[in-house]
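S.K.: Pasting a structure here, questions to come.
The values are calculated or read from the model by the stated rules, or taken from the named source; none is laboratory data. All values derive from a computational prediction rather than experimental measurement. Counting neighbours? That spans all protein chains shown, and the Cβs are built from the backbone with ideal geometry, glycine included. Accessible surface areas use protein heavy atoms only, side chains included; no ligands, DNA or RNA. Shrake-Rupley method; radii C 1.70, N 1.55, O 1.52, S 1.80 Å.
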Amino acid sequence: RRKLQASIAHDLRNPIAIIKGYAEYLQINTPKGNLKPEQTLMIADNLAASASRLERYTDCVRSISKLEAMEIQRTLCLVPRFLNAAAEDMRILAGKTSVVLTVSNEVPEAEILLDRESYSRVLENILQNAFRYAKQEVHLSWKLDDEMLLTTITDDGPGFPENVLKGQKQTVLSQDGEHMGMGLVISRILCQKHGGKLKISNTQDGAKAEFFVQVS
């Protein structure tokens, strides 16, 4: 429970960083009149989504011991609009590092059923790991395959440690688990609850994480 609480506290930094990033952007550009109405609306929508994630994380802190009993709440979601907004959020996080984030979105216009908060949390957990260990670049891509949304994240870092690869099917960590391990455990649980799975591996160039969620 202490490890999960520490991981939740760590995860809270992501939506907070996004909110701060948008606030700074508004403070700089609003007085200059640089913002178009559609840009302001997009920022408002993304701020509301980050605030919603903060609320969800707070709920998790209150009932951390019941993580596996948490219910997935799917709602209709228009893609790739939602994914493009998520990409903008991730660019805010990438901007806090020296890493370059590239995005590839091959998802056609469609409506899917998705628990947006849970999905965003998995996405942030894995990308934060990639930003932390990448040398220069992280790549994020999406595909819609039948009833599953596939998200792939690769980086040019040293790759996942062997003990993390061997233990990737575990739902608990050893006593020496770090935030990376906690984030993966929580992400794996959330993917499974969303009718999907998380798979991590190493490539010739770095680390690779793929996660599937059911969207129908």
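S.K.: Could you give me the residue pairs with C-beta distances under 9 Å whose first residue belongs to the stretch 34-48 and is of a type in the set (Asp, Glu), whose second residue is not in a loop (DSSP other than H, G, I, E, B) wherever it lies, and which are 6+ apart or on separate chains?
M.R.: Listed by first residue and then by second, the contacts come to Asp45/Ala85.
S.K.: Sort through Gln170, Gln175, Gln204 and tell me the only one that's assigned to a loop (DSSP other than H, G, I, E, B), at pLDDT 80 or above and polar (S, T, N, Q).
M.R.: Going through Gln170, Gln175, Gln204 in turn, the sole match is Gln204.
S.K.: Scan the stretch 100-126 for residues that are within 12 Å of the chain's Cα centre (by Cα) and more than 13 Å from Glu88 (Cα to Cα) and jot them down.
M.R.: If the condition is that a residue be within 12 Å of the chain's Cα centre (by Cα) and more than 13 Å from Glu88 (Cα to Cα), then Arg116, Glu117, Ser118, Tyr119, Arg121, Val122, Asn125, Ile126 are the ones that fit.
S.K.: Report the residue count in the stretch 117-140 for those that are in contact with a Ser or Thr (Cβ under 7 Å, 6 or more places away or on another chain) and open to solvent by 30 Å² or more (accessible area, probe 1.4 Å).
M.R.: Matching residues across the stretch 117-140 total 3.
S.K.: Only one of these is surrounded by fewer than 17 Cβ atoms within 10 Å (Cβ to Cβ) and touching a residue at least 24 places away in the same chain (Cβ under 8 Å): Thr75, Thr154, Thr58. Name it.
M.R.: Selected residue: Thr75, the only one of Thr75, Thr154, Thr58 that is surrounded by fewer than 17 Cβ atoms within 10 Å (Cβ to Cβ) and touching a residue at least 24 places away in the same chain (Cβ under 8 Å).
S.K.: Moving to a separate point now. So which residues in the stretch 31-48 are of a type in the set (A, V, I, L, M, F, W, C) and modelled with pLDDT of 90 or more, if there are any at all? Outline the logic, then answer.
M.R.: Step one: list which residues in the stretch 31-48 are of a type in the set (A, V, I, L, M, F, W, C), which gives 35, 41-44, 47-48.
Matches in the stretch 31-48: Leu41, Met42, Ile43, Ala44, Leu47, Ala48.
S.K.: Which residue pairs have Cβ atoms under 6 Å apart, sit 6 or more places apart or on different chains, and have a first residue in the stretch 7-21 that is closer than 13 Å to Asn46 by Cβ and open to solvent by less than 10 Å² (accessible area, probe 1.4 Å) and a second that is of a type in the set (Gly, Ala, Ser) and modelled with pLDDT of 80 or more?
M.R.: Pairs that qualify, where the first residue is closer than 13 Å to Asn46 by Cβ and open to solvent by less than 10 Å² (accessible area, probe 1.4 Å) and the partner is of a type in the set (Gly, Ala, Ser) and modelled with pLDDT of 80 or more, are Pro15/Ser50; Ile18/Ser50.
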